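To start, the structure itself, in structure tokens.
The values are calculated or read from the model by the stated rules, or taken from the named source; none is laboratory data. Computed from a predicted structure; not experimentally measured. No Cβ is skipped: glycine too gets one built from the backbone with ideal geometry, and neighbour counts run over all protein chains shown.
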Amino acid sequence: MDEQDMFSGLVYCMDCGSTMTLSRAHTMKESQYNFTCQNHCKNGKNVCSPHYIRESVLAKVVLNDIRWITHFARQNEVLFAQHIGMKRTKEARKEINALQKRIDADSRRDAELTRLFKRLYEDSALDRIPDEQYRILSDEYLTEQKQIQEELPKLQARQQELKDSVANVARFIDKARQYDHIDELTPELLRTFVKRIEIGERSKRYARDAARDVKIYYRDIGLVDDLPQSMAAEKESKKEQEIA
């Protein structure tokens, strides 16, 4: 096909984490285009199940969810910001604290390795240890220290990202204001709001009417799954209207 699909790089298998492969061809109708777990396609059913979903069905699910969440963000800015803010703050604080423990441990070990290497060098210079033992130990210390020094900036960057993310809900609301009328799902709309989509397997294999999970992770605010009662009620009401 001559053009890149708008979902490219966004759709993943909920169970194994593999990307979902889009099947489409000039001989197929657009309504037949579908996503399947890439891991299943390559390695078979013993590794992962298909997680099959038609592209048209996924597009409808994503469009409806974007419409709902941006509508609520515009109409109930304070409640939306409070809910997402508290959720993100709690999650972020937990991960920030865990990262800080790893950063502190790595920093202490890095300083300890520097001291050990210095002492090892002095022992070697004074012929307290054989050259072969010096070489083995120094290689081990340097390898471990290199790994730590490569990991530390990544941990610190992730920690800063989490600290910044607490305020990102305001950025999402600003974007929602710009899209007050959403008629169709476009690549621009999708890339503006969605970071990742995960497809779950049907509760009953090969049953077309069986339920399946589709988790949408939004840019700036992540997964919105534990809704306040008022938000959940409004979403269900919108679903009923769409079905009718």
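Part of a helix (DSSP H, G or I) and without any contact (Cβ under 8 Å) to a residue 40 or more places away in the chain: is that true of Lys90 in this structure? Yes: the conditions hold for Lys90.
In the range 45-95, the residue that is modelled with the lowest pLDDT out of those that are surrounded by fewer than 19 Cβ atoms within 10 Å (Cβ to Cβ) and of a type in the set (Val, Ile, Thr) is Thr89.
Per the listing Thr19, Thr27, the residue uniquely among the polar types (S, T, N, Q) and within 22 Å of Leu190 (Cβ to Cβ) is Thr19.
Within the range 176-191, one or more residues are under 17 Å from Gln82 (Cβ atoms), surrounded by 16 or more Cβ atoms within 10 Å (Cβ to Cβ) and either touching a strand residue (DSSP E or B) at 6+ places or on another chain (Cβ under 6 Å) or modelled with pLDDT of 90 or more (or both).
Scanning the range 193-244 for residues that are β-branched (Val, Ile, Thr) and either surrounded by 17 or more Cβ atoms within 10 Å (Cβ to Cβ) or at pLDDT below 90 (or both) turns up Val194, Ile197, Ile199, Ile216, Ile221, Val224, Ile243.
Sort out which residues of the range 1-44 are under 14 Å from Arg202 (Cβ atoms) and either of a type outside the set (Val, Ile, Thr) or part of a helix (DSSP H, G or I) (or both), and write them in order of number. Across the range 1-44, the qualifying residues are Cys13, Met14, Asp15, Asn34, Phe35, Cys37, His40. Screening the candidates Arg108, Arg115 for the property of being under 30 Å from Lys90 (Cα atoms) and modelled with pLDDT of 90 or more yields one hit, Arg108.
Scanning the range 144-174 for residues that are over 25 Å from Ile96 (Cβ atoms) and basic (Lys, Arg) yields a count of 1. For the range 27-55, filtered to residues that are more than 23 Å from the chain's Cα centre (by Cα) and polar (S, T, N, Q), the residue that is nearest to Thr192 (Cα to Cα) is Ser31. Within the range 147-172, restricting attention to residues that are over 17 Å from the mean Cα position of the chain (by Cα) and modelled with pLDDT of 90 or more, which residue is nearest to Val78 (Cα to Cα)? The residue in question is Gln156.
Go through the residues of the range 32-43 one by one and say whether even a single one is among the aromatic types (Phe, Trp, Tyr), at pLDDT below 90 and over 27 Å from Gln160 (Cα atoms). Looking for residues that are among the aromatic types (Phe, Trp, Tyr), at pLDDT below 90 and over 27 Å from Gln160 (Cα atoms), one finds at least one in the range 32-43, hence yes.
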